[in-house]
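Q: Sharing a structure with you now.
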Amino acid sequence: MQNEQTTATARPPRVAILGAGPAGLGAAWQLAKRGNASAVVLEQRDDVGGNSGSFELHGLQVDYGSHRLHPACDPHIMADLQSLLGSDLLDRPRHGRIRLCERWIHFPLKPVDLVLELPWSFGIGVAQDALQKVLPRTNGHGAETFASILERSLGRTICRDFYFPYAVKIWGASPDELSAIQARRRVSAGSLSKMVRKALNSVPGFKPPGAGRFFYPRRGFGQISRALADAARHAGADLRLQTSVRELHLGAPHRLVVESDGQRQELEAEYLWSTIPITALARMVTPAAPAAVLAAAQQIRYRAMILIYLVLDQPQFTPFDAHYFPETEVKLTRLSEPKNYSVSKEPAGQTVLCGELPCAVGDDMWQASDAELGEVMRDAMARSGLPVQARVLQVVTKRLSHAYPIYYQGYENAFNLLDEWVAGLERVLTFGRQGLFAHDNTHHALAMAYGAVDCLAETGAFDQARWRDYRIAFTHHVVED
Ligand SMILES: Cc1cc2nc3c(=O)[nH]c(=O)nc-3n(C[C@H](O)[C@H](O)[C@H](O)COP(=O)(O)OP(=O)(O)OC[C@H]3O[C@@H](n4cnc5c(N)ncnc54)[C@H](O)[C@@H]3O)c2cc1C
């Protein structure tokens with residue numbers, strides 16, 4: 001975004017926000033509240049929340065895969081969310097399990113569980129790894145990779161039995177193909193000592209505030225976005241659902257072509273704040289992005305995900321909130337039971353399970369029918385010792401085309417080219433998980449939104465230098481699982 005001295009206009013500038021996920025909604029609310037800009041939010045779906053949304057299934061609000069609000073959220077943003085959600089924002093203990101070496105280990109890790117439940121061979125392997133210095137397994141050009149970083153910091157045993165098979169399933173790439181940046185940003189327990197500290201977090205006396213807990217809205221994770229949307233509307237923002245942005249004609253003002261109900265309409269805005277995938281942004285602008293930028297957009301890839309929901313004719317499947325499956329023979333990466341997140345008693349006699357199946361848009365899984373995907377889920381559960389025994393009342397699936405950014409080695413060259421190109425466009429900003437191709441949590445997406453609004457001065461000018469500082473701060477976001 002060029003031009004530090006963006007001039008003030010007579011009326012408050014209009015900011016067109018692309019996407020009504022947490023990033024877009026957070027920005028709309030903050031802008032409307034401050035009143036020095038008018039916000040119009042354009043969202044292609046019929047509901048707000050993006051990947052952090054929820055929908056109703058069998059009387060229960062269910063999410064697009066397991067979602068929790070982490071206590072690591074900036075206190076100022078947390079206070080805002082608490083004021084919006086009140087007593088609906090529940091403070092819950094985490095109660096999950098990881099399937100490791102065919103045993104169940106509590107997640108977050110507990111020392112006693114690690115000692116009693118894991119096979120001795122695993123413990124001995126980890127101890128030997130801690131004593132031995134692992135030689136870095138670089139990519140042949142001497143560069144670090146996801147694999148080399150994790151092997152050196154966590155040892156071969158943990159990598160072989162947990163991180164590497166999990167990485168293959170989540171990102172669809174071998175650990176050697178992935179960038180070292182993926183390891184630094186995505187693995188919060190990045191060394192054996194950090195892992196030990198995380199395990200000790202469960203022990204009274206060692207427990208920091210918030211450890212082993214999470215926040216969750218009574219009516220599903222999407223209640224956060226719905227509350228932000230209501231607050232934004234109340235403060236004067238214009239939220240337009242089922243409105244897909246198709247073309248962006250850059251100028252002063254920018255002209256947007258949107259499609260709603262099959263009708264194409266145009267609208268104008270001084271600022272364009274995009275939270276849609278940066279690759280999509282590059283493809284829809286006029287004048288067209290340079291060929292090198294469009295080529296970079298081709299090299300950036302997002303992993304897709306299918307969410308498979310089984311409605312079971314039983315009040316509860318297990319007392320656990322989530323089960324994690326690193327093993328390759330189990331196709332799902334995670335299974336969650338939404339009722340256990342919200343402590344919902346309804347529907348009284350039924351529960352819903354949500355299986356997460358990473359895939360690529362258009363592959364065999366993406367094209368499979370609900371019945372086939374229901375079988376994939378049942379098979380994965382049976383292999384993990386969690387067979388479905390109750391009657392399955394319904395199988396529902398949802399597809400996310402942009403679930404995770406994939407950090408292949410060298411991806412940053414392509415991303416940096418795109419990012420620099422956007423930075424050179426006047427009054428255009430990109431942020432949010434899709435906009436910055438970041439593995440961020442919801443609270444990070446909100447922090448970006450708040451940062452963007454903080455940079456828009458009362459005069460209507462955008463403080464580019466301050467935004468650069470924020471961008472540096474965003475690189476320190478570490479994803480919480
Ligand atoms: C399986 C899974 C589990 C996760 N678990 C957690 C968790 O436990 N805790 C946590 O904090 N975070 C979690 N996350 C991350 C969280 O979902 C994201 O951080 C958050 O949704 C990012 O918000 P956003 O607004 O940046 O992007 P998004 O939520 O992706 O929103 C982008 C919006 O842009 C819209 N859009 C795209 N193209 C167009 C267009 N052309 N026109 C109009 N609209 C468009 C999309 O429809 C979408 O609504 C998880 C993510 C996944 C995939």
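Values quoted throughout were computed directly from the atomic coordinates according to the rules given, and no laboratory measurement underlies them. Bear in mind that the values here come from a model prediction, so they are computed numbers and not experimental data. Reconstructed Cβ throughout: ideal geometry from the backbone, glycine too, with neighbour counts over all protein chains shown.
Q: Quick check on the range 301-406: take the gyration tensor over C-alpha atoms, sort the square-rooted eigenvalues as a ≥ b ≥ c, and tell me if it's rounded (a/c under 1.5), prolate or oblate.
A: prolate
Q: Between helix 222-234 and the chain, what is the angle of the helix's C-alpha long axis to the longest principal axis, kept within 0 to 90° and rounded to the nearest 10?
A: Tilt relative to the chain: about 20 degrees.
Q: Under a Cβ-Cβ cut-off of 13 Å, what is the net charge of the residues other than Gly349 that fall near it, where Lys and Arg count +1 and Asp and Glu count -1?
A: +1
Q: Under a Cβ-Cβ cut-off of 10 Å, what is the net charge of the residues other than Phe215 that fall near it, where Lys and Arg count +1 and Asp and Glu count -1?
A: +2
Q: For the range 203-317, calculate the relative contact order in percent as a whole number, restricting contacts to Cα pairs under 8 Å that are 6 or more residues apart.
A: Over the range 203-317, the number comes to 14 percent.
Q: Taking the alpha-carbon set of the range 407-456, what are its Rg and Dmax in Å?
A: Using the Cα atoms of the range 407-456, the pair Rg, Dmax is 11.9, 35 Å.
Q: Sticking with this structure for a sec: Once you sort the root eigenvalues of the Cα gyration tensor of the chain as a ≥ b ≥ c, which label holds: rounded (a/c under 1.5), prolate (a/b larger than b/c) or oblate (the other case)?
A: Prolate is the answer for the chain, as a/c is 1.5 or above and a/b outweighs b/c.
Q: Share of antiparallel DSSP beta bridges in the chain, in percent to the nearest 5?
A: Percentage antiparallel, nearest 5: 75.
Q: What angle, in degrees between 0 and 90 and rounded to the nearest 10, separates the Cα long axis of helix 411-423 from the longest principal axis of the Cα atoms of the chain?
A: Helix 411-423 sits at roughly 20 degrees to that axis.
Q: Let me ask you something else. Note down the magnitude of the dipole of the range 301-406 about its Cα centre, charges +1 on Lys and Arg C-beta and -1 on Asp and Glu C-beta and zero elsewhere, to the nearest 20 debye. Spell out each step's value before the answer.
A: On the way: 11 positive and 13 negative charges, 51 e Å.
The calculated dipole for the range 301-406 is roughly 240 debye.
Q: While we're on this one: Could you please rank His443, His323, His95, placing first whichever residue has the fewest other Cβ atoms within 10 Å of its Cβ?
A: By the 10 Å Cβ count, ascending: His95, His443, His323.
Q: If you don't mind, another one. Taking the mean number of other Cβ atoms within 10 Å as a proxy for protection, how do you rank 445-451, 257-263, 144-150, 81-87 from highest to lowest?
A: Per-residue Cβ counts within 10 Å, averaged per peptide and sorted highest first, yield 445-451, 144-150, 81-87, 257-263.
Q: Name the GluC sites (Glu not before Pro) in the range 399-481 that are in a loop by DSSP and that have at most 14 other C-beta atoms within 10 Å, would you?
A: Glu458
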